[in-house]
Every structure is written in structure tokens, then in C-alpha cells.
Protein chains: 2
Amino acid sequence: LRRIFRMIGRYLNQNNSPDTLVLNYQKPGDLKKKIDLTINEEGMDNEWLIKVLRKYLRYSVRTTHRNFSNQLFSAFTFPSFIGEIIATLTNTTMATYEAAPLGTLIEQEIIDKMNRLIGFKTENNPADGIMVPGGSYANLMGLLCARYKAMPETKDKGINGIQFRVFVSDQAHYSFKKMMNVTGLGTESLTEIPSDENGRMKTDLLEKAIKQSLEKGEKPFFIGATAGTTVYGSFDPFREIAAIAKKYNLWLHIDGAWGGTLLLYKNKKKQKLLDGIELADSFTWDAHKMMGVPLYASFFLSKHDGLMLKCNAVQGADYLFHSTENTSLDTGPKSLQCGRHVDALKVWLAWKFYGDRGYSNMINDLYSKVNYLKKLITQNPWFELIADPQYFNVCFRIVHPKNSIDMNEMNMEIRDRLFRSGSYFTNYSVSKNGIVFFRLIVNPNSTKSDYRDFMNKLINTTESILKEKYLPDQSAHIFNTVEDQ
Amino acid sequence: LRRIFRMIGRYLNQNNSPDTLVLNYQKPGDLKKKIDLTINEEGMDNEWLIKVLRKYLRYSVRTTHRNFSNQLFSAFTFPSFIGEIIATLTNTTMATYEAAPLGTLIEQEIIDKMNRLIGFKTENNPADGIMVPGGSYANLMGLLCARYKAMPETKDKGINGIQFRVFVSDQAHYSFKKMMNVTGLGTESLTEIPSDENGRMKTDLLEKAIKQSLEKGEKPFFIGATAGTTVYGSFDPFREIAAIAKKYNLWLHIDGAWGGTLLLYKNKKKQKLLDGIELADSFTWDAHKMMGVPLYASFFLSKHDGLMLKCNAVQGADYLFHSTENTSLDTGPKSLQCGRHVDALKVWLAWKFYGDRGYSNMINDLYSKVNYLKKLITQNPWFELIADPQYFNVCFRIVHPKNSIDMNEMNMEIRDRLFRSGSYFTNYSVSKNGIVFFRLIVNPNSTKSDYRDFMNKLINTTESILKEKYLPDQSAHIFNTVEDQ
């Protein structure tokens with residue numbers, strides 16, 4: 001055990017060294033040769049365990065590394081890492097208070113806090129919520145609660161014959177589409193409302209679509225707005241959308257999986273991005289994204305206390321849910337899960353440890369990096385900003401004046417070379433008009449100089465490709481490198 | 001960090017001491033007084049972290065304790081505990097090979113192995129599978145795949161107007177009913193087929209119900225059979241059910257969340273319980289139950305390679321799923337989740353470490369404890385066996401010849417007293433005819449003498465209650481204690 005704990009300490013230290021690779025990329029076939037994956041009749045010993053764990057760490061992506069800017073998460077915090085270890089150590093399930101007394105109370109505490117921040121919980125409204133394994137399931141819960149509210153009889157009778165309709169923006173998370181299939185509504189019952197150049201849902205088109213649906217005799221019941229879209233990090237105009245939802249009596253769900261964390265920021269200007277969220281009916285918030293908590297830490301939050309229970313509770317688990325003095329605390333009946341991991345502990349430990357202020361400072365720091373990156377991009381003629389960053393997504397691409405060079409291919413090749421070298425793990429995306437661009441998610445562990453180095457690395461790589469493929473005769477510097485600022 | 005690791009070591013050692021409580025029961029209000037749950041503006045320090053973790057451990061249920069026989073899981077194994085720590089340390093998501101190269105390959109290896117054990121994967125059939133956060137979601141995946149197979153157009157068009165019908169036994173897990181609501185089929189479209197005295201689905205009644213449904217013009221498409229029911233641990237007659245499924249062209253899903261582990265047992269007699277499972281279309285298997293792996297470790301396994309992908313993949317996540325040489329390995333598109341925790345590592349480490357043989361020996365040991373318990377129960381006139389155990393569930397109750405004593409109340413009170421004393425965490429259940437009984441899940445950590453002590457503790461507690469409430473004059477021993485064997 002001691003050797004393993006040393007291994008963990010070493011791994012965390014290595015993240016800070018510039019020589020450490022973010023990933024040691026191997027093709028699947030090569031990786032299989034390096035580790036014998038076959039599970040055999042006979043078991044292995046402790047020495048094997050140590051050796052294989054070392055290999056696992058070597059060939060895994062270091063999501064906590066400073067040069068990891070890929071997914072909507074990166075660094076995690078120490079208290080939350082410990083929280084996950086302790087939750088695993090006690091390994092209980094959240095179905096009943098009996099089996100998870102502290103887990104239950106801690107989850108309730110966080111949900112109350114989040115609901116107060118959103119504005120769902122007020123003196124007169126207790127609000128509701130539950131943790132689920134991922135934002136997709138939180139969005140599913142929103143759909144289910146909305147459908148139940150619109151037509152409670154669907155729970156028992158099914159959705160027979162009713163043509164429901166759901167609205168999200170064309171920048172919304174793809175889980176909404178998946179969940180249209182899951183809930184039996186069908187993907188074609190989802191209308192994607194176009195977004196403006198900043199990735200925000202166009203509310204005039206939303207209202208138009210609702211009217212059209214009503215004219216067709218359909219049953220529109222759900223709007224899925226987004227606080228922090230996956231690609232651009234944009235925030236829909238919630239107050240306007242809420243007014244439309246109210247006018248047509250639709251459920252407004254806000255997918256704040258990515259952007260919910262902004263509620264912890266004490267900056268009024270930025271808080272405007274979240275203006276009107278208290279008017280929604282439900283909200284998704286992933287603490288495993290920017291709150292530095294390991295996966296899963298997703299919350300489904302709802303203004304409607306008790307609705308989730310009515311929607312999801314069924315008979316037939318008397319062996320599990322007994323009538324006791326604590327029955328009202330049992331979260332199992334309102335959940336879609338039976339066994340449920342204690343994800344609340346790691347969130348609570350991190351939040352208690354850093355306090356609201358700690359997170360606000362972290363967000364402030366992230367924004368200052370975003371601004372620094374934006375400056376680097378706009379000041380250098382070889383970079384082009386794709387969208388003005390609202391949140392921690394920075395979308396830009398490399399450009400070159402020579403028309404014959406396919407900049408889509410170029411940007412993808414640069415990304416691929418960096419990825420395979422193991423030095424940077426970043427992502428790319430494609431815009432509506434087919435432009436391929438870098439999509440950087442700002443990492444709490446990275447420093448401004450890391451980003452400067454990254455931009456120069458981009459320039460060097462571009463130069464290499466230009467020389468190899470397009471401009472072999474060119475000998476001088478083609479790009480200006482980014483200066484220290 | 002070192003202090004926390006020492007804390008973990010101490011916690012695990014304490015489980016072996018008879019003086020350690022399984023739980024330190026506190027009412028919610030009292031517990032809140034012991035730990036300040038409020039998350040504040042200002043953060044806390046390392047000393048607080050250590051202190052609060054100690055408290056968390058003190059007031060949590062010790063599911064790894066020898067006297068924990070409550071849920072369908074208990075002890076976990078060391079390699080899997082370490083596996084979860086390492087998975088958390090690297091904290092990546094399973095959506096793409098790119099982000100989780102080893103996780104992806106390891107998951108595939110386990111799924112292949114399980115599919116071979118079930119009989120889904122053969123020389124001519126590659127089979128399919130994915131890990132999901134819990135057996136309920138695995139059962140949901142079964143329902144979705146079956147619906148897609150029966151009528152692929154539901155994915156886009158929804159289930160408009162079609163009266164689907166689903167069959168499970170009255171002992172099946174309640175998640176089926178929950179998922180009827182989720183999938184928009186409605187809970188009333190679920191038919192619960194009565195079971196026999198051993199908790200096995202009555203196949204003649206199943207066939208009758210299918211015929212009736214067809215006569216009504218419905219679309220029956222799914223049978224959910226169970227390998228190891230929650231209460232009695234019974235196994236449905238799969239070969240007979242499969243014949244019916246084939247005859248009427250229905251999808252057969254087997255919920256082996258609890259009983260799947262029996263596939264690792266090298267005992268032919270017991271393997272008969274699983275006879276015919278290779279004829280099913282899909283299978284649920286929770287490694288976090290009897291395989292000693294912390295939650296979650298659920299598998300959805302399917303005979304139909306590629307069907308899950310067709311059923312669940314949607315457009316709209318180009319930013320995440322790129323076309324690369326490894327695209328075919330990306331598990332995200334077939335999953336309902338976007339971010340997915342690397343649950344595969346802990347399962348793989350434990351299985352590699354113990355090998356098939358290690359698990360077979362563990363199951364053998366569990367069965368010998370089941371038989372020992374059965375002997376104690378049947379030899380003592382004050383115990384009554386409720387059902388002949390097929391698996392690791394032992395259902396029995398305390399009886400007393402005096403008619404005026406309400407034995408339901410008595411059994412519940414005994415359980416409650418043991419629970420509140422913190423010395424034993426066991427569960428109870430209610431049979432069709434209203435009988436309340438103990439439902440013990442045999443624990444790999446417990447020894448035969450632990451069970452002997454438990455039975456004597458039951459007797460002592462019963463005596464106390466009898467004296468206090470029903471037979472205050474009785475001074476002599478009312479029960480025979482259980483003898484050492």
C-alpha cells in the first residue's frame with residue numbers, strides 16, 4: 001500500500017515538470033503488446049499489481065497536466081481526490097439514509113446551496129435536486145420531470161398518440177438528442193433553433209417554432225437552454241427564453257453542466273451571463289467540470305419540490321425502502337438508480353475547503369488567462385479568433401495569406417502533430433461554415449507562460465508543415481513568434 | 001497525504017475487530033449537530049480536512065465489515081480499491097480512445113471475457129457491451145436495444161400510437177418499472193408474471209400473457225428474466241423462457257446484476273441455474289456486487305454487435321468524436337453518457353489478480369457459509385427458512401409457538417434493535433402473504449463463527465423482547481442457543 005501511495009505522490013509531482021508528457025500516445029495494437037490484458041484462470045501477485053499500475057499511469061492521459069486543454073475539465077483539487085478515495089473506502093449506496101446517513105445529508109446541503117445560488121430555493125420554495133452520473137442523465141431527468149408535469153398520465157399510460165415537441169438551440173449538448181430516443185419521443189420531435197454568431201439561441205426563431213408546433217396540433221412542453229455551450233462556451237438569453245416559456249406554458253430546463261460554476265464568481269459583469277436563470281424550472285450542473293472534482297459530480301436541480309419523486313417512484317422495492325422515521329430522506333425513490341455512489345462527499349470537501357471565495361478567485365484567474373490568450377491571438381496576424389470568448393472556451397485558428405494552402409487541413413494537422421508528440425492535448429472543432437479551429441479549454445493548472453509557449457509551439461509546428469509541404473524554398477521565419485508580455 | 005493514508009489503513013484493520021461497530025447510528029438532526037455541513041464564504045484548512053474525514057469514517061456504514069449483510073454487496077478487494085484510486089487519479093473520460101486508451105482496451109477485454117462466459121461471443125459472433133453506472137441503467141439499455149430492434153423507426157419517429165408490451169416476473173428488479181416511465185412506454189405496459197414458491201417466473205403464465213397481448217393487437221417485444229432476484233436470489237428458467245421468446249420473436253434480456261457472478265463458479269450443479277442464458281439477447285452484470293469491486297461496475301452485454309451504436313448514436317458531437325484511425329474504438333457514440341468514468345480498471349485489476357480460480361473459490365466459500373446458515377436455521381425450532389437458498393440470499397425468520405405474539409412485529413423489532421446497536425446491519429423483507437423475514441446477504445468477509453454469533457445474538461434479542469413485552473414472568477432460557485458445530 002505504501003508503494004502505491006508513493007506512486008500517487010510521484011505522479012502528481014510529475015505534472016508540474018515541463019518534461020512530463022501529457023500522453024504517451026500508442027496505437028491500440030502497440031498498447032496491447034505492452035500490457036497483457038488477458039484475464040486468466042490463475043491470478044497474479046502484488047509485484048504484478050505494482051508493475052501494471054505503473055504502466056497504466058505511463059500510458060494514460062494526464063488530465064491534470066498543465067498542457068491538457070481538451071475536455072471541459074482538467075485539474076482536480078486535492079480535497080476532492082481524497083473525498084473520492086474515502087467514498088470508495090466506505091463504499092455504500094445512497095438509496096437510503098440508513099445506508100448513507102452522512103452522504104445523504106451532505107448531498108442535501110450542496111443541493112440546497114446550489115438551489116439558493118440559482119434562485120430556485122427561496123424562503124417560500126424548498127426546491128429539489130439529486131446527483132446523477134453525468135450531465136446527460138441530468139438533462140434526461142429534466143425531460144422526464146417536464147413530461148410528467150405536462151401530462152402526468154404518461155407515467156402509467158405511456159406517451160401513446162401524443163406528438164410532444166422539444167426545443168433546444170443548435171449549440172445544445174447532443175445528449176438532448178440521445179434522450180429523445182430514450183424517452184420514446186423520437187429524435188424528430190426535437191427542434192434545433194438556430195443560434196447567432198456568438199452561439200446564443202435566437203429567441204424570435206424559438207417563439208416562431210413554438211407557434212408552428214401549436215398550429216400543427218402538437219404538444220410543445222420543453223425548452224432546453226444552455227449555460228455554457230460545449231464549443232463556444234456561450235450562454236443563451238435566459239430571461240427572454242423564460243418569458244417565452246411562461247407565455248406558452250413550457251418547462252424551461254437550463255443545461256449549466258459547463259457554465260453552472262460561473263454562479264460562484266463574484267463579478268457582476270460576468271454574472272449577467274446568467275441573468276434570468278431563476279425563472280427556469282430545472283438546471284444541470286457538473287461539479288466535475290470546472291470545480292476541480294473527479295468524475296462523476298453532476299447535479300440535477302429543480303424548482304419543483306417533490307415532482308421528481310412523483311415522476312420516478314414506483315412500487316416494488318419494499319425490501320429496500322422501509323417505512324421508518326427517516327423515510328423522507330431516502331433519495332432512492334426519486335432517483336433512476338438503485339445503487340448510487342456517494343459522489344457528494346468529494347464535492348462537499350472541495351467546496352468547504354476552498355469556500356465560495358476560493359472558487360471565485362479561481363474563476364478570476366481563469367478569466368485573466370482567457371484575456372491573455374485573446375490578446376496573444378488578436379495581436380498576432382497569424383491567428384484568428386473564431387468567437388469572442390464568454391467563458392473558458394477559446395476558439396481560434398491558424399491562418400496564412402496564401403490561398404493555395406488548405407487551412408482546415410493545416411489546423412487539423414497541427415493539432416494531430418502536437419497530440420502525437422504527447423506534449424499538448426488540445427481539441428479542435430468545426431464551425432457552421434466548415435472552418436476547422438482550435439478549441440482550448442482554459443486549465444486552472446496552466447500559467448500564462450504555458451500558453452505563450454503553446455502559441456509558439458503552434459507557430460513552430462506550422463512552420464515545419466509549411467516547409468515540408470507547401471513552401472519548401474522558404475528559409476526565413478514565416479511567422480512572428482509570440483513575445484513575452 | 002501520509003496521515004490520510006494511515007487513516008485508510010487503520011479503517012481497514014478495524015473491520016476485523018469484533019469491537020468495531022458496523023455503524024454508529026445517529027438521527028439526522030443529531031448528525032447535523034456533530035458535523036457543520038454549511039459551506040461558507042471562507043474555506044477551511046488541512047487540519048479541518050483530517051478531522052472531518054475522521055468523523056465521516058466514524059459515522060458511515062462499514063459495508064466492508066464482517067457483520068454487514070444488508071445490500072447485495074459487502075466486502076471489496078484490495079486491487080479493486082487501488083484501481084478506483086488510480087482511475088480517479090488519472091480522471092479521464094471513456095468517450096474516446098484518444099482520451100482513455102487503456103481504459104477503452106481494458107473495458108473491451110472484460111466485456112469480451114464476460115460475453116464468452118455467457119456464450120454471447122463465439123467464433124462467429126463478436127458480441128457487444130458497455131459499462132454503465134448501475135444495473136438499472138443496464139436494464140434500460142436492454143429495453144432500448146430491444147425496442148430499436150423491434151421497430152427501428154421509433155428512434156426518430158417516437159413510439160407514437162404503438163402499444164408496446166413488456167414482461168418480467170413479479171420478483172424482477174423495480175428498475176424495469178422505472179424504465180417503463182423513462183422510455184415513454186408507461187408502467188401499465190409492464191406485465192408482471194407470477195412466480196412459483198421458489199421465486200421463479202411461471203413460464204406457462206408468461207406464454208399466456210404474450211398470447212393475450214397479441215390478441216389485443218399490442219406489440220409485445222421484451223421479456224426481462226432474472227438471474228438472482230433481489231429478495232430470494234432465485235434464477236428464472238431461462239431455457240424455457242428463451243424458447244417462448246424465440247417462438248414469439250421477443251427480445252430476451254436477463255438481469256444478472258446479482259447472479260452474473262455465478263458464471264465464475266466451476267461447480268456444474270450450480271451452473272445449471274444459468275442454463276440457457278446464451279439464448280438471451282442481452283444481459284446485465286454488476287461486478288460491484290459479488291466480485292468485490294466498489295460501485296459502479298455494471299455491464300450491459302449484448303449478443304447483437306453494433307446494435308447499441310445504431311440505437312444510440314446521434315449527430316451533433318463533431319467537436320468530440322473525430323474521424324481518426326481509432327474511431328471504431330470510441331465508446332461514446334453507443335453510450336447514453338458523454339463523460340464516462342473509467343470503471344473498467346478496478347474490475348480488471350481485481351479479476352486479473354484473483355483469476356477465474358480465485359472467484360470460483362470465493363463462491364465456493366460463500367456457498368459453504370450458505371449451507372452452514374441453512375443448517376443452523378433448520379436445526380433450530382425457533383428459526384424458519386422462508387425459501388430454499390439458490391444463491392447467497394438466506395431468507396428466514398424467528399418463530400414462536402405462542403399465537404398471541406405478532407411475529408411480524410417481533411422480527412422487525414429484532415432487526416431494528418440490532419441495527420441501532422450498531423453491531424449488525426442486516427435487512428428484512430416481506431413475502432407475498434405478509435410474512436416479515438430476515439434477508440441475509442452472505443458476506444465474503446464473514447466467517448462461520450460470525451454467523452453462529454449472529455444467530456445467538458438474534459436469540460438473545462428475541463428473549464429480551466419476549467421478556468419485556470410478552471412473557472415478563474418467564475425467567476428461564478426461552479430459546480436454545482445455537483451450538484458450536
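Readers should treat all values here as calculations from the given coordinates under stated rules, not as data from a laboratory. Treat the numbers as computed from the prediction; the structure is a model and nothing was measured. FYI the Cβ positions are ideal-geometry reconstructions off the backbone, even for glycines, and counts take in every protein chain you see.
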* Asked: Where the only charges are on Cβ atoms (+1 Lys, Arg; -1 Asp, Glu), what is the dipole of the range A:93-341 about its Cα centre, to the nearest 20 debye?
  -> 540 debye
* **Cβ-vector label at 7 Å, A:Asp406, separations to other copies in nm** => 8.0
* To do: Would you mind listing how long the range A:384-462 runs along its three principal axes, going by Cα atoms, in whole Å with the largest first?
  => 38, 29, 19
* To do: List the distances, in nm and shortest first, from the label point of B:Asp388 to the matching label points in every other copy, placing each point 7 Å from Cα along the Cα-to-Cβ direction.
  => 7.8
* To do: Mind jotting down the distance between the C-alpha centroids of the range B:34-77 and the range A:283-303, whole Å?
  => 21 Å
* How many angstrom lie between the C-alpha centres of the range A:204-220 and the range A:314-340? -> 39 Å
* Structure fact -> Among beta bridges assigned by DSSP with both residues in chain B, the antiparallel ones amount in percent, to the nearest 5, to 55 percent
* Computed E for A:Lys310/A:Lys266 - FRET, C-beta separation, R0 51 angstrom, nearest 0.05 -> 0.85
* Asked: Could you give the angle, 0 to 90 degrees to the nearest 10, between helix B:448-465's Cα long axis and the longest principal axis of the Cα atoms of chain B?
  -> 60 degrees
* Going from the alpha-carbon gyration tensor of the range B:2-76, what semi-axes, largest first and in whole Å, does one get by taking the root of 5 times each eigenvalue? -> 25, 17, 10
* Mean separation of Cα pairs under 8 Å and 6+ residues apart, divided by the residue count of chain B: what relative contact order is that in percent? -> 21 percent
* Structure fact -> Per the protein assembly as shown, sqrt(5λ) over the Cα gyration tensor eigenvalues, sorted largest first, in Å, gives 47, 32, 28
* **5 angstrom amide H check on B:Asn443, placed H, neighbours 5+ away** => none
* Given only helices, namely DSSP H runs of n ≥ 4 each adding -39500 (n - 2.57), what is the per-residue ellipticity at 222 nm of chain A, to the nearest 500 deg cm²/dmol? -> -12500 deg cm²/dmol
* Asked: With no solvent and one point on each alpha carbon, what is the Debye value of log10 I(q)/I(0) for the range A:93-341 at q = 0.13, 0.16 Å⁻¹?
  -> -0.79, -1.18
* Measuring label to label, 7 Å along Cα→Cβ, what does A:Gly29 give against each other copy in nm, shortest first? -> 6.9
* Structure fact -> Diffing the range B:321-326: the Karplus 3J(HN,Hα) column from phi (6.51, -1.76, 1.60, θ = phi - 60°), in whole Hz with x for Gly and Pro, holds 9, 9, 7, 9, 5, 9
* **Fewest-first sequence of A:Val347, B:Val399 by Cβ atoms within 10 Å of each Cβ** => B:Val399, A:Val347
* Asked: Which value, in debye to the nearest 20, describes the size of the charge dipole of the protein assembly as shown about its Cα centre when Lys and Arg Cβ atoms bear +1, Asp and Glu Cβ atoms bear -1, and nothing else is charged?
  -> 1000 debye
* Asked: What percent does the relative contact order of the range B:93-341 come to when contacts are Cα pairs within less than 8 Å and at least six residues apart?
  -> 27 percent
* Asked: Across peptide B:351-362, what mean number of C-beta atoms from other chains lies inside 10 Å of a residue's C-beta?
  -> 4
* Compute the signed sum of charges (Lys and Arg +1, Asp and Glu -1) over the other residues within less than 12 Å, Cβ to Cβ, of B:Ser17. => +2
* In chain B, what residue has the beta-carbon at the shortest distance from the axis of the rotation relating B to A, and what is that distance in angstrom, rounded to the whole number? -> B:Gly184, 1
* Write down the radius of gyration of the range A:141-223 and its Dmax, each obtained from C-alpha positions, in Å. => 12.9, 43
* Asked: What is the dipole size for the range B:285-405, taken about its Cα centre, with +1 at each Lys and Arg Cβ and -1 at each Asp and Glu Cβ, in debye to the nearest 20?
  -> 560 debye
* Asked: Expressed in nm², what is the orientationally averaged projection area of the convex hull enclosing the Cα positions of chain B?
  -> 27.7 nm²
* Asked: When Lys and Arg each count +1 and Asp and Glu each count -1, what net charge do the other residues less than 13 Å away from A:Thr104, Cβ to Cβ, add up to?
  -> -2
* Asked: Counting alpha carbon pairs within less than 8 Å and at least 6 residues apart, what relative contact order, in whole percent, applies to the range B:2-76?
  -> 42 percent
* Set Lys and Arg Cβ to +1 and Asp and Glu Cβ to -1, take the dipole of the range A:93-341 about its Cα centre, and tell me which of A:Phe321, A:Phe283, A:Thr226 lies farthest positive. => A:Thr226
* Structure fact -> Phi angles of the range B:370-382, converted by Karplus (6.51 cos²θ - 1.76 cosθ + 1.60, θ = phi - 60°) into ³J(HN,Hα) in whole Hz with x for Gly and Pro, give 4, 5, 5, 4, 4, 5, 4, 5, 6, 7, 9, x, 8
* Distance from the range A:411-470 to the range B:395-430 (C-alpha centre basis), Å -> 66 Å
* Cut-off 13 Å between beta-carbons: net charge of the residues surrounding B:Met407, Lys and Arg +1, Asp and Glu -1 -> 0
* Cβ neighbours within 10 Å from other chains - mean over B:134-145 -> 3
* Structure fact -> For peptide A:329-339, the mean count of other chain Cβ atoms within 10 Å per residue Cβ is 5
* For the peptides B:334-344, B:282-292, what is the packing order when you average, over each peptide's residues, the other Cβ atoms within 10 Å and list the highest mean first? -> B:282-292, B:334-344
* Asked: How do the peptides B:206-214, A:28-36 rank, highest first, by the average count of neighbouring beta carbon atoms within 10 Å per residue?
  -> B:206-214, A:28-36
* To do: Would you kindly derive the ³J(HN,Hα) couplings of the range A:29-37 from the backbone phi angles with the Karplus curve 6.51 cos²θ - 1.76 cosθ + 1.60 (θ = phi - 60°), listing them in order in whole Hz, with x for Gly and Pro?
  => x, 5, 5, 5, 6, 7, 10, 6, 7
